[in-house]
1. Restricting to region 137-164, what's the tally of residues that are among the hydroxyl-bearing types (S, T, Y) and touching a residue at least 60 places away in the same chain (Cβ under 8 Å)?
2. Go through region 127-196 and tell me which helices (runs of 4 or more DSSP H), entirely inside it, have 2 or more residues that are within 15 Å of the ligand (Cβ to nearest atom) and within 14 Å of L290 (Cβ to Cβ).
3. Suppose we keep only residues that are without any contact (Cβ under 8 Å) to a residue 40 or more places away in the chain and in a helix (DSSP H, G or I) within region 331-371. Which one would you say is surrounded by the fewest Cβ atoms within 10 Å (Cβ to Cβ)?
4. Considering region 200-215 alone, what residues qualify as being within 20 Å of P33 (Cβ to Cβ) and either within 16 Å of the ligand (Cβ to nearest atom) or not aromatic (F, W, Y) (or both)?
5. Could we say that A105 is more than 16 Å from the ligand (Cβ to nearest atom) and in contact (Cβ under 8 Å) with a residue 60 or more places away in the chain here?
6. Residues in region 301-319: is at least one small (G, A, S), surrounded by fewer than 24 Cβ atoms within 10 Å (Cβ to Cβ) and more than 12 Å from the ligand (Cβ to nearest atom)?
7. Scan region 203-215 and give yes if some residue there is exposed (fewer than 12 other Cβ atoms within 10 Å of the Cβ), among the β-branched types (V, I, T) and in contact (Cβ under 8 Å) with a residue 12 or more places away in the chain, otherwise no.
8. Among the listed residues E166, E191, identify the single one that is more than 21 Å from E27 (Cα to Cα) and surrounded by fewer than 20 Cβ atoms within 10 Å (Cβ to Cβ).
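Rule-based calculations on the coordinates, nothing more; no lab input. This one's a predicted model, so the numbers in the text were calculated from it and none came from an experiment. Cβ: placed from backbone, ideal geometry, glycine included. Neighbour counts: every protein chain shown.
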Amino acid sequence: MKESYLIDAIRTPRGRLSRPKKGFVGELADIHPTTLGATLVDAMIDRHPTLPTEKIEDLIFAVNATIKEQAVNIARWVVLASKLPCTVSGVQINRACAGSLQASAFVNASIKVGDYDAAMAGGVEHMNKIPIGSDRNDPDRLPITPEILAKYNIVPQGLSAEIIAEKYAISQEEINEFSVRSQQKAHAATEAGKFKNEIIPIAYRDSEGNQRVLDRDANIKADTTVEKINGLPRPFKENGLIHAAASSGICDAASLSLWVSEQIAKECGLKPRARMVSYANCGVNPTEMLDGVIPGTLLALKRAGLTLEQMDRFEINEAFASVPLAWMKTLNIPEEKVNVNGGAIAMGHPLGATGVILLATMINELEREDLRYGLITVCAAQGLSGTAIIERIP
Ligand SMILES: CC(C)(COP(=O)(O)OP(=O)(O)OC[C@H]1O[C@@H](n2cnc3c(N)ncnc32)[C@H](O)[C@@H]1OP(=O)(O)O)[C@@H](O)C(=O)NCCC(=O)NCCS
């Protein structure tokens, strides 16, 4: 097996959902998802000028809703829109919310077996242009068959979040407090400049036509309090526990990582930042859907020959507050090591892009704190999860 290294991981800031009734236009709402991806590819090329672009063989790019601006292998459109030569391939994948983490794992594994020497992995989700669910909004043309429905109760993800809360006996108080802490941690990390190395600022025009630059996640609501959010409606279940402030925000963003073989790193003078020690996919019952992060974590650890205690940091995607809460409760992990810079509840969850956003945040955190191992896990629609263990290379 060859050695595969993570050289860099970057992302756009997360732009908010437009609110036409309030006359608000989301920061990135008018920027094409292909442009978001290509902007990151160009930034990655600029950050690593000693790597000739023709050495990059492929871009594996994840999207959740593969229609309209995100249709027809968007990875190839991103390559063609960027400074990369057209000799670089491109393939779009979809493993729902775990998509870009999966893209990284595919690139990493391909480098290890010698199929690539250098490749990029990332993802995008433009939730303003392609609203969540808009790729399956015709009830007569769904991929779900009566045979599947006879076997499984297929429910919306918000309802799964309620089911998870009940299954793991998570209280309203725990959900509210975790949701507030996510906002506080994200705000503190942003103010401290902790995302500066991973965010590539994006220029945009605001609703008044002024030229602006978005250089931070726009969703964060630093003044969130338990009192304010407890009174919010429960959109997924009558008398439920999950409100908008305990759900990941709808947003627009892209992410990108660069992986190379040991030989290319040496040849081009690239400093490896990390390696992927293991990766695990897990399928679970699609009704509960969101607790695949628990068996996924255990499988990734087993595969790596490592223990939970050896992990210095965890990024558990905050699809809904009940997901990380169930994960922490089951695995008995204190919150001090979990999502220390906030999560998707505060900053948003741009489905296809999220995995590599978490990878970027994790590697910067391990470097800043001089730590070694980080575990990233993302639950995904249809009862899927993806989990990666990263080891920082000092
Ligand atoms: C939960 C969800 C339906 C809410 O959508 P929404 O109603 O458009 O959400 P909003 O941001 O408008 O929030 C609703 C209200 O709660 C308020 N609110 C939300 N978060 C808040 C916070 N942290 N503090 C205070 N108020 C908050 C908003 O201000 C808004 O108030 P308003 O109606 O007075 O304007 C949506 O965010 C969602 O579906 N999220 C999950 C996405 C998903 O499934 N992803 C995949 C997961 S695997």
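1. At the first step, the residues of region 137-164 found to be among the hydroxyl-bearing types (S, T, Y) are 145, 152, 160.
Of the ones still in play, those that are also touching a residue at least 60 places away in the same chain (Cβ under 8 Å) are 152, 160.
Within region 137-164, residues that are among the hydroxyl-bearing types (S, T, Y) and touching a residue at least 60 places away in the same chain (Cβ under 8 Å) number 2.
2. On the way: elements: 146-151, 157-167, 172-191.
In region 127-196, 157-167 are the helices (runs of 4 or more DSSP H) which contain 2 or more residues that are within 15 Å of the ligand (Cβ to nearest atom) and within 14 Å of L290 (Cβ to Cβ).
3. Of region 331-371, the ones without any contact (Cβ under 8 Å) to a residue 40 or more places away in the chain are 331-334, 336-338, 370.
From what is left, the residues that are in a helix (DSSP H, G or I) are 331, 336-337.
Details: L331: 16, E336: 7, K337: 16.
Filtering first and then ranking leaves E336.
4. Our first condition is that a residue be within 20 Å of P33 (Cβ to Cβ); within region 200-215, this holds for 200-206, 212-215.
Passing the criteria: I200, P201, I202, A203, R205, D206, R212, V213, L214, D215.
5. Numbers: more than 16 Å from the ligand (Cβ to nearest atom): yes; in contact (Cβ under 8 Å) with a residue 60 or more places away in the chain: yes.
Taking the combined requirement at face value, the residue satisfies it.
6. Within region 301-319, the subset small (G, A, S) is 304-305, 319.
Within this subset, residues satisfying the condition of being surrounded by fewer than 24 Cβ atoms within 10 Å (Cβ to Cβ) are 304-305.
Now narrow it down to the ones that are more than 12 Å from the ligand (Cβ to nearest atom): 304-305.
Looking for residues that are small (G, A, S), surrounded by fewer than 24 Cβ atoms within 10 Å (Cβ to Cβ) and more than 12 Å from the ligand (Cβ to nearest atom), one finds at least one in region 301-319, hence yes.
7. yes
8. Values: E191 fails: more than 21 Å from E27 (Cα to Cα).
When all the criteria are applied, what remains is E166.
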